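The values are calculated or read from the model by the stated rules, or taken from the named source; none is laboratory data. Predicted model only: the values in this text are computed from it and were never measured. A quick note on method: Cβ atoms are made from the backbone with ideal geometry, for glycine too, and the neighbour counts reach across all protein chains shown. When the accessible area is computed, the model is the full protein with side chains, heavy atoms only, and any ligands, DNA or RNA have been set aside. Shrake-Rupley method; radii C 1.70, N 1.55, O 1.52, S 1.80 Å.
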Amino acid sequence: MPPAIETNDLVKEYGELRALSGLDLTVEEGEFFGLLGPNGAGKTTFINILVGLVRKTGGEAHVFGHDVESEYQQARDAIGIAPQEFNVDRFFPIREVLMHKAGYHGIPTEVAAERADDALRRVGIYDKRNERFDWLSGGMKRRLLLARALVTEPDLLILDEPTAGVDVQLRHDLWELVTELNEEGTTILLTTHYIEEAERLCDRVAILNEGRKVTVATPDELKTRGTDTVSLTVEPTPETTPALGPYAHEISQSGDRLEVKVDNGSRITPQMLNDLEAAGYAITDLEITRTSLEEIFVDLTRQADRTVTRSGESESAESTEPREQEGVV
Amino acid sequence: MWSIGSRALFKRELSRFVRRPKNTFMPPAITNVLYFAVFGVILGTRIDDVAGYEYLLFILPGLIVLGTIANAFENASFSIFHGRWNEYIHETLTSPLSYLEMVVAYVAASAVRGLIVGVIIAAVGWVFVPFTVESGSFTVENAAFLVATMVVISALFAGFGIIGGLVARDFDDLTVMNQFILRPLVFFGAVFYSLTMLEPFAQYISLLNPMVYMVDSVRYGLLGHSDFLELAPAAYAEVVPLLSLGVLTALTLAVLALDVYLFKIGYGLTD
């Protein structure tokens, strides 16, 4: 079975602006895949190329093995998309909007009506089925976008910032629903600004910045790339800051309190304790603070200096490509 | 080409205007009541017959053409442009419909609206000037010719409407197309006069106006009268109406092909 999404050297230029710069990305069938990146990173451009709303400038993009341009019908038939914008037909009650969408996908009217009802029930707005889009609340509109994406029973569900601006309850409802869909076998591509969302839902995430892939990894793998802080209280109070091995990127001291920046706190700490004890210190308190995914995200996408600190070495964002590609795709 | 998908889009397009008769069917009905009242009842009695027909009857085919093509154009251009403006055309564009299916559905629905308006205008005209088969030389052949011509010109202007909807950058552009291009061409398209009333030079200029052929063809189909039959050399007299229809059909196919091409390259639709 071909991957759900496979792009090679995908390029999109808007005049002088390069929105995507040779993006290689593969999303396997059945995966819950997250796309993270700051505004303007190219996430929506990437999605819109897959569904035909943006024409690529170069490279290749396939959905379940179908080229998005030469086999656009097969590619689009496999995709259900819930976009950021409320691009819904305002002329008709929402049930009919869903029936139309199902119809465009070749689903006969009777079946389309059942599908529309099912989708509306699933997202919890069935009782609003005869209302028009403009009459729905913001949260209901978001739900409708998801229902419209689901009405064609897609193999690939694309969610572009699905929880932007929604309340906590709805966010949790949506998380529950998309998790359920993924468990049923639907491949899901999620773009989000919410790190917690990606961490909670995604099998793997790709971080994009300025149209380039910075990295692809599982949320847990990503976390190991950050710098943890090990806080220790030692006796006696050091007169000068103790010297530690190269694993310590930064040591700060305040009285008997030491703060040491290391890559993988839980792995490095035993060695650090040994080194401190060998230097004549007793450890009376210890705390490891792990880097949040958010901090790693900021670190990876920092524009001025996209440097990832790791084990005493410095790597540019671009140079992370070969490594993360081993585990990818 | 006429798959479940294209039928669904056609039905959606049809529903949009059928459910809003106040916006779609009432305006042309009222406008034509005014035309008939002023040009027919008030002024018509002071105007001599034209080409042997009561003036109101003579202008009726032109008014039918005017209403039909204006509505076919307006429907297609509005539907495409409004969908672009509010981005709900994405529902269509992200679907597995082929570009040909999309164009066929949009054009067919807009052509149907044009034809319905044409029938409404004919009905309004009939109230003012009850035309009968005896009014003209209305034969089965002419009826077939009339239907074929109406279908072709409504499809042609629906096709032009697609281009208009793709090209327009705001709603003003749509108004400009309708008011400054379409209407002048129709008004100088021998709707209210016969070509035979013009000086030879004006006749030649008129031949550059495609509307002249449409109005003349519909008048021929409805009344059996064609200005071209009177103006053309005798050797061509029998083929002139069919030639007009042939050229209009070819033009329609060319415009539809251009529509499909524009959808394919995403003109006005994709970034």
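Descriptive notes on the structure:
- Cβ-Cβ FRET estimate between A:D67 and B:N209, R0 fixed at 45 Å, reported to 0.05: 0.50
- The label-point distance for B:I42 and A:A243, in a model that sets each label 7 Å from Cα toward Cβ, rounds to 10.7 nm.
- B:F128 - accessible surface, heavy atoms, 1.4 Å probe, Å² rounded to 10: 70 Å²
- Helix B:55-85 axis, angle to chain B major axis (alpha carbon atoms, nearest 10°): 10 degrees
- Rounded to 5, the percent of DSSP beta bridges in chain A classed as antiparallel: 70 percent
- Karplus (6.51, -1.76, 1.60) ³J(HN,Hα), θ = phi - 60°, over the stretch B:143-160, in Hz, Gly and Pro reported as x: 4, 5, 5, 4, 4, 4, 5, 4, 4, 5, 6, 5, 5, 4, 7, 5, x, 5
- log10 of Debye I(q)/I(0), alpha-carbon scatterers only, for chain B at 0.09, 0.13, 0.14, 0.16 Å⁻¹: -0.42, -0.85, -0.97, -1.20
- In chain B, the longest principal axis of the Cα atoms and the axis of helix B:210-223 are about 60 degrees apart.
- More than 33 Å apart - percent of Cα-Cα pairs taken over the protein assembly as shown: 57 percent
- Taken one residue at a time, the phi angles of the stretch B:114-126 give Karplus couplings (6.51, -1.76, 1.60, θ = phi - 60°) of x, 5, 4, 5, x, 5, 4, 5, 4, 5, 4, x, 4 Hz. Gly and Pro are set to x.
- Loop-resident GluC sites (Glu not before Pro) (DSSP state other than H, G, I, E or B) in the stretch A:129-216 with no more than 10 further Cβ atoms inside 10 Å of their Cβ: A:E184.
- Links that overshoot a 27 Å alpha carbon limit, given the list A:K43/B:K264; A:K101/B:K264; A:K12/A:K223; A:K213/B:K264; A:K43/A:K261: A:K12/A:K223; A:K213/B:K264; A:K43/A:K261
- Largest-first ordering by accessible area, 1.4 Å probe, given options B:W85, B:W2: B:W85, B:W2
- Normalised by 2.2 N^0.38 Å, with N the number of residues, the alpha-carbon radius of gyration of the stretch A:130-258 equals 1.61.
- Our estimate of slack between A:D134 and A:E184, defined as 0.36 nm per intervening residue step minus the Cα-Cα distance, is 14.8 nm.
- Accessible surface ranking for B:T31, B:T45, 1.4 angstrom probe, highest first: B:T45, B:T31.
- Pairwise FRET efficiency - A:Q74 versus B:A144, Cβ, R0 = 35 Å, nearest 0.05: 0.25
- Nearest-ten-degree value, helix A:109-123 long axis tilted from longest Cα axis of chain A: 30 degrees
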